[in-house]
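Worksheet: one structure, shown below.
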């Protein structure tokens, strides 16, 4: 494996590992928002912002945690045949599926970038009573899709190394 490819893999894996470990605590932010929503509805006036803020927190948690999930191999697979295959055969199959994933993530990133630029240009707001700006969560989606795309390329490089019999 070339020094550039191994450096790329180390860098992308390190960045996504750190972001994933940080973002995994975002579940507590979402729980806190929903707890406040329950308390405020029971004892005070209901808050207008809690449901949408919890949805935004969940989007950030899910999208920014995706690259970490791919890195750990905790994504869902159909193990009917895959589990019995050799490492090289799994790598060949993974190369094909990662190429499809890279295409899909490219389309998602293109759409997210277009939507974010629209949101910034026109000051798009949510149609709810709270009316938050939409560009911050759309920017999080762009960053998450970009990180997931970088991680998918890293996984592609790892699978190619496995096919060649190189140590990853």
Restricted to the stretch 62-92, and to residues that are modelled with pLDDT under 85 and either in a helix (DSSP H, G or I) or touching a strand residue (DSSP E or B) at 6+ places or on another chain (Cβ under 6 Å) (or both), which residue is surrounded by the most Cβ atoms within 10 Å (Cβ to Cβ)? 82
Quick check, is residue 129 out of contact with any strand residue (DSSP E or B) (no Cβ under 8 Å at 6 or more places or on another chain), farther than 21 Å from residue 10 by Cα and outside any helix (DSSP H, G or I)? yes
Does at least one position in the stretch 93-108 carry a residue that is surrounded by fewer than 16 Cβ atoms within 10 Å (Cβ to Cβ) and not in a helix (DSSP H, G or I)? no
Scan the stretch 3-51 for residues that are assigned to a loop (DSSP other than H, G, I, E, B) and in contact (Cβ under 8 Å) with a residue 12 or more places away in the chain and jot them down. 24, 48, 49
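The values are calculated or read from the model by the stated rules, or taken from the named source; none is laboratory data. These numbers come from a predicted model, not from an experiment. Neighbour counts are summed over all protein chains in view; Cβ atoms, including those assigned to glycine, are modelled from backbone coordinates with ideal geometry.
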